[in-house]
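One structure below.
The values are calculated or read from the model by the stated rules, or taken from the named source; none is laboratory data. None of the values given here were measured: they were computed from a predicted structure. In this analysis, Cβ positions are derived from the backbone assuming ideal geometry, glycine residues included, and neighbour counts consider all displayed protein chains.
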């Protein structure tokens, strides 16, 4: 296609052709996408987005777990514009700083719940969750070096967890498809099983009993590696990209007991779960544990502009500051003034509209009640929520909980297709269907979302019967 200018009006096919010719998408089969053509999203308002053909879709995934305040919030656009006209960029190297970055760091420190020696007074900025988790690896290993324990390099993660797609982030995560490309994980990163009761629970075992057993897989791994070599454990409060895997209530307190017993650091990856998603500013408060480092991104700006970082607990920060000298790590956009200004406006908006409190209170309870009704559907083995995150398992036999086995991915994509064709964005993770809707939803929005989900399930049930999969 010939060169274009920004004033040309392009058809959907024109945009798709340019997309195929020039844009390599993340987590995409490039050849397959070129054959089918990408869906072109052109605008958003509230909880809805529209594509280039004029189709309206309820975005039950908040973009990618991030548009917490919904689309079209003028306050955030104004904050970006004002900061761009004042100071669009300056770096944080060479003993310089900027006002929005300082204000945001202080604001985040004030929002983070206090947990004794693991209180949070310091922030290390990045532009994404992936970069933030790379920073965690650097800080954790530097911490132990400074304490005279350089053998403590091993970081333990979980299978089916997602911590980003950089070399370190993908290694910390436990997704085998990612590890199969690029010789991952990198050295000194290992994994334990995920706390997925529906799949891993034993006959007759309660969820609480399973929670204790799943947490103790960490202790077994620490002993296998050698406690003197283990630096940290990293986990998402609720596993997001893995399918909204919600751990039993006993899991995180037992994890806390184990990391305390062996003196290792605890990293809470809250890229998805922070900023109201589970009804708290930070999810570790909900689940009752005390991390040393908290990864954040996504909801800090509601996805309006890239920003990420690490909340660094006092236990770690004091060692890095008092004993560390120069920390040879950072990014061009660490503390970007425009991103930080948008984050401040986003937090103002969330506080003014009490979005975390609404998710924790009556609105979240209403969502949980409505979503639980899906447990009655013949295709659903389990439907569960945590704040404004939810997942359900598609099963072949509801009574026996028989799964679809090798057809799991196909079944999930059939359901996803019915969602999209009927104006709903819902994500498929094999046989799990997941959502993370905007926090600005009303009860009537929830009712409409549930109507669309049930419609998609009904159509999927009919489709699978016709395909002979039920």
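Against the conditions (1) assigned to a loop (DSSP other than H, G, I, E, B); (2) modelled with pLDDT of 95 or more; (3) more than 23 Å from the chain's Cα centre (by Cα), where does residue 68 fall short? Just the number, please. Only one criterion in (1) assigned to a loop (DSSP other than H, G, I, E, B); (2) modelled with pLDDT of 95 or more; (3) more than 23 Å from the chain's Cα centre (by Cα) is unmet by residue 68, namely (3).
Among the candidates 54, 44, the residue that is free of Cβ contacts under 8 Å to residues at least 12 places away in the same chain and either in the same structural domain as residue 420 (by TED's automatic domain parsing) or outside any helix (DSSP H, G or I) (or both) is uniquely 54. As for region 74-88, it holds at least one residue that is assigned by TED's automatic domain parsing to the domain that holds residue 263, surrounded by fewer than 14 Cβ atoms within 10 Å (Cβ to Cβ), touching a residue at least 60 places away in the same chain (Cβ under 8 Å) and not in a helix (DSSP H, G or I). Go through the residues of region 36-44 one by one and say whether even a single one is within 22 Å of the chain's Cα centre (by Cα) and either modelled with pLDDT under 95 or within 28 Å of residue 436 (Cα to Cα) (or both). Yes, some residue in region 36-44 is within 22 Å of the chain's Cα centre (by Cα) and either modelled with pLDDT under 95 or within 28 Å of residue 436 (Cα to Cα) (or both). When residues in region 256-300 are screened for being more than 25 Å from residue 229 (Cα to Cα), modelled with pLDDT of 95 or more, part of a loop (DSSP other than H, G, I, E, B) and more than 12 Å from the chain's Cα centre (by Cα), 5 of them pass. The one condition from (1) surrounded by fewer than 24 Cβ atoms within 10 Å (Cβ to Cβ); (2) under 20 Å from residue 350 (Cβ atoms) that residue 128 does not meet is (2). Counting only residues that are in contact (Cβ under 8 Å) with a residue 60 or more places away in the chain, touching a helix residue (DSSP H, G or I) at 6+ places or on another chain (Cβ under 6 Å) and surrounded by fewer than 24 Cβ atoms within 10 Å (Cβ to Cβ), region 161-181 holds 1 of them.
Among the residues examined, residue 59 does not qualify as in contact (Cβ under 8 Å) with a residue 12 or more places away in the chain, in contact with a strand residue (DSSP E or B) (Cβ under 9 Å, 6 or more places away or on another chain), surrounded by fewer than 17 Cβ atoms within 10 Å (Cβ to Cβ) and not assigned by TED's automatic domain parsing to the domain that holds residue 259.
When residue 150 is tested against (1) under 29 Å from residue 225 (Cα atoms); (2) touching a residue at least 40 places away in the same chain (Cβ under 8 Å), exactly one condition is not met: (2). If I filter region 318-334 for residues that are buried (at least 24 other Cβ atoms within 10 Å of the Cβ) and closer than 20 Å to residue 127 by Cβ, do I get at least one hit? No - not one qualifying residue is present in region 318-334. Does residue 376 count as free of Cβ contacts under 8 Å to residues at least 12 places away in the same chain and surrounded by fewer than 14 Cβ atoms within 10 Å (Cβ to Cβ)? Yes: the conditions hold for residue 376. Provide a single number: the residues in region 383-436 that are over 21 Å from the mean Cα position of the chain (by Cα), part of a strand (DSSP E or B) and either surrounded by fewer than 21 Cβ atoms within 10 Å (Cβ to Cβ) or assigned by TED's automatic domain parsing to the domain that holds residue 198 (or both). So the count comes out to 2. The set of residues from region 430-439 being touching a residue at least 40 places away in the same chain (Cβ under 8 Å) and either closer than 19 Å to residue 470 by Cβ or touching a helix residue (DSSP H, G or I) at 6+ places or on another chain (Cβ under 7 Å) (or both) comprises 430, 432, 433, 436, 437, 438, 439. Condition test on residue 371, is it over 17 Å from the mean Cα position of the chain (by Cα) and surrounded by 19 or more Cβ atoms within 10 Å (Cβ to Cβ)? Spelling it out, residue 371 is indeed over 17 Å from the mean Cα position of the chain (by Cα) and surrounded by 19 or more Cβ atoms within 10 Å (Cβ to Cβ).
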